[in-house]
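Trainee: What follows is a structure written as structure tokens; I'll ask about it next.
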Amino acid sequence: MTCDEAKILLHALLDNELDAGHAREVEAHVAGCPACAAELAAQREMKAVLADTKLHYTAPPSLRARIEASIPQARPQPSRRSVLRGFAMGSAVSALAASGVVAVVLRQDDQQRILSEVVSAHLRSLQAGHLIDVVSSDQHTVKPWFNGKLDVAPPVIDLTALGFTLVGGRLDYIDARAIGAVVYKRRQHVINLFVSQTTSTERRPPRTQTMQGFNCRRWGERGLNFWAVSDIGGDELAEFVDKFEAAMKANVEG
């Protein structure tokens with residue numbers, strides 16, 4: 001194990017996110033590397049300081065009063081006649097558009113279900129021993145690992161020089177299908193990039209949604225569906241997706 005690979009995993013070691021095998025590898029490297037040992041000691045000290053610091057802030061009562069004062073007054077209730085008139089007009093429109101509305105609702109429900117599964121998979125990966133099946137910061141090691149395990153191996157691109165460190169990859173399951181998950185880190189924040197095959201070759205532009213406090217940016221490209229999930233801000237996640245797409249396009253054209 002190199003120093004670069006060990007430094008990527010030091011924080012995971014401190015938080016007990018590594019399985020026994022990977023933990024032993026990192027500990028063995030640290031035992032023989034003064035630089036990594038010093039880095040681990042510094043991270044331990046920082047963790048202890050943050051644990052002892054009182055970070056809770058109680059808002060003053062005046063803040064609640066200002067918020068309540070800024071809320072608009074409730075609108076007057078509509079009359080019974082206007083309500084009945086609205087129902088009559090709405091019924092006519094609904095009769096014409098019912099089939100289309102049902103189709104849209106079903107598609108939205110399916111997308112929300114998939115999004116929920118993606119976020120659940122991201123949460124599972126943050127548990128100890130679930131984040132990575134193949135540990136490497138080398139895209140030429142991670143990509144071949146997927147060969148034979150999936151119908152289509154996900155694109156693996158090293159964005160370390162652009163601020164998003166490639167950590168490794170693993171297999172995961174979304175919508176009852178095995179898919180690839182390529183793992184990156186932004187500082188100490190994990191970014192899971194889930195990739196699955198689709199029959200559609202139409203490009204779908206990136207779109208960000210939030211669920212359970214996580215940002216998820218989804219898009220479609222070249223017969224693949226992508227979901228990038230992390231607790232980093234929406235702007236940073238969009239930056240990650242933009243850089244990934246640009247690098248993937250450059251690889252294809254090159």
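Trainee: Answer yes if at least one residue in the stretch 61-79 is modelled with pLDDT under 75 and part of a helix (DSSP H, G or I), and no otherwise.
Mentor: no
Trainee: Just checking, does the stretch 126-141 include any residue being crowded, with 20+ Cβ neighbours inside 10 Å and more than 21 Å from L9 (Cα to Cα)?
Mentor: Within the stretch 126-141, not a single residue is crowded, with 20+ Cβ neighbours inside 10 Å and more than 21 Å from L9 (Cα to Cα).
Trainee: All but one of (1) among the β-branched types (V, I, T); (2) closer than 21 Å to E117 by Cα; (3) at pLDDT below 95 hold for T201; which doesn't?
Mentor: The number of the failed condition is (2).
Trainee: Enumerate the pairs (first residue in the stretch 154-179 and under 19 Å from I232 (Cβ atoms) and assigned by TED's automatic domain parsing to the domain that holds L193; second residue anywhere and in a strand (DSSP E or B) and charged (D, E, K, R)) with beta-carbon separation below 7 Å, excluding pairs fewer than 6 apart on the same chain, so at least 6 apart or on different chains.
Mentor: That search, which allows pairs on different chains as well, returns G163/R186; F164/R186; T165/K185; V167/K185.
Trainee: In the stretch 184-243, which strands (runs of 3 or more DSSP E) lie fully inside it and hold 3 or more residues that are touching a residue at least 60 places away in the same chain (Cβ under 8 Å) and hydrophobic (A, V, I, L, M, F, W, C)? Can you show your working first?
Mentor: Numbers: elements: 189-197, 204-211, 214-221, 224-230.
Result: 224-230.
Trainee: Looking at the stretch 138-153 only, could you name the residues that are among the polar types (S, T, N, Q) and free of Cβ contacts under 8 Å to residues at least 24 places away in the same chain?
Mentor: First, pick out the residues of the stretch 138-153 that are among the polar types (S, T, N, Q): 139, 141, 147.
If the condition is that a residue be among the polar types (S, T, N, Q) and free of Cβ contacts under 8 Å to residues at least 24 places away in the same chain, then T141, N147 are the ones that fit.
Trainee: Restricting to the stretch 197-254, name every residue that is surrounded by 13 or more Cβ atoms within 10 Å (Cβ to Cβ), over 21 Å from I179 (Cα atoms) and basic (K, R).
Mentor: K243
Trainee: Kindly indicate whether any position in the stretch 35-50 is of a type in the set (K, R) and either within 17 Å of G129 (Cβ to Cβ) or not in a loop (DSSP other than H, G, I, E, B) (or both). Step through it out loud before you land on a result.
Mentor: Looking only at the stretch 35-50, we keep the residues that are of a type in the set (K, R), and these are 44, 47.
Filter once more, so that each one left must be either within 17 Å of G129 (Cβ to Cβ) or not in a loop (DSSP other than H, G, I, E, B) (or both): 44, 47.
Among the residues of the stretch 35-50, at least one is of a type in the set (K, R) and either within 17 Å of G129 (Cβ to Cβ) or not in a loop (DSSP other than H, G, I, E, B) (or both), which makes the answer yes.
Trainee: Evaluate the following for S125: is it small (G, A, S), under 16 Å from the mean Cα position of the chain (by Cα) and assigned by TED's automatic domain parsing to the domain that holds G180?
Mentor: Details: small (G, A, S): yes; under 16 Å from the mean Cα position of the chain (by Cα): yes; assigned by TED's automatic domain parsing to the domain that holds G180: yes.
Considered against the rule, which asks whether it is small (G, A, S), under 16 Å from the mean Cα position of the chain (by Cα) and assigned by TED's automatic domain parsing to the domain that holds G180, S125 comes out as yes.
Trainee: Could you tell me whether I114 is β-branched (V, I, T) and either surrounded by fewer than 18 Cβ atoms within 10 Å (Cβ to Cβ) or at pLDDT below 95 (or both)?
Mentor: Numbers: β-branched (V, I, T): yes; either surrounded by fewer than 18 Cβ atoms within 10 Å (Cβ to Cβ) or at pLDDT below 95 (or both): yes.
It is true that I114 is β-branched (V, I, T) and either surrounded by fewer than 18 Cβ atoms within 10 Å (Cβ to Cβ) or at pLDDT below 95 (or both).
The values are calculated or read from the model by the stated rules, or taken from the named source; none is laboratory data. Computed from a prediction, not measured in an experiment: that's the story for all the values here. We place every Cβ from the backbone using ideal geometry, glycine too, and count neighbours over all the protein chains shown.
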